[in-house]
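Trainee: I'd like to ask you about the structure that follows.
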Amino acid sequence: MGWKRVVPITAALICGSLVAANAQERPATAAAAISAKDLTPEQFKALAPDAVIEINGERITKSAFQARNAKAIEEAAKQVQDLRTRLQTQFEARRKTLVEKQKAALAEANTKFEAEVNRLVAADAAAHGPNWEARKKQAAELLHRAENATPTERSALEKQAADLLAPSAR
């Protein structure tokens, strides 16, 4: 009869210890979150995907943390691309405005310059009398011919050119 009592008592003790061990393991596993600030990159890589880590007071699995970070990276890349597109559009608009202003300023400066050149040409023509342009051309031809002429002919041609270029009396 001794054995009849020993076997059930032993079985009860073994079952009780297994139940107690399981009860202790569950809270220990749930409470065994690893602090992220204590992990090195190598240790993080070595963790199982279902390992629980604690980041800023939040408990999350490694795989959920990685998925969340991957999604955040994708969103940040999209935001950067959107920002780049918007800034490029703004840049092109500002550039176009600047180029148009510069073209307008250049056109105005060219108009002023041409007016000044025309004024100076008119003043030069007025100072030298009528047919000034024709006389300048004729004097240039005489000087060109004088380059290949004999010294006597050269003097005569240069004198004629000088007479043509001299201001005429009104």
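Please treat every number below as a calculation from the coordinates, not as lab data. Only a predicted model underlies this, so the values are computations on that prediction, with no experimental measurement involved. Note that we place each Cβ from the backbone using ideal geometry, even for glycine, and neighbour counts take in every protein chain shown.
Trainee: Just one of Arg119, Arg135, Arg95, Arg86 is surrounded by 13 or more Cβ atoms within 10 Å (Cβ to Cβ) and in a helix (DSSP H, G or I); which is it?
Mentor: Arg135
Trainee: Right, Glu75: free of Cβ contacts under 8 Å to residues at least 24 places away in the same chain, over 30 Å from Ile34 (Cβ atoms) and assigned to a helix (DSSP H, G or I) or not?
Mentor: no
Trainee: Of all residues in region 62-83 being of a type in the set (Lys, Arg) and under 18 Å from Pro41 (Cα atoms), which is surrounded by the most Cβ atoms within 10 Å (Cβ to Cβ)?
Mentor: Lys62
Trainee: Now for a different question. Just the residues that are surrounded by 11 or more Cβ atoms within 10 Å (Cβ to Cβ) and under 37 Å from the mean Cα position of the chain (by Cα), please, taken from region 40-61.
Mentor: Phe44, Ile55 - these are the residues of region 40-61 that are surrounded by 11 or more Cβ atoms within 10 Å (Cβ to Cβ) and under 37 Å from the mean Cα position of the chain (by Cα).
Trainee: Considering only region 72-111, how many residues are under 12 Å from the mean Cα position of the chain (by Cα) and hydroxyl-bearing (Ser, Thr, Tyr)?
Mentor: So the count comes out to 2.
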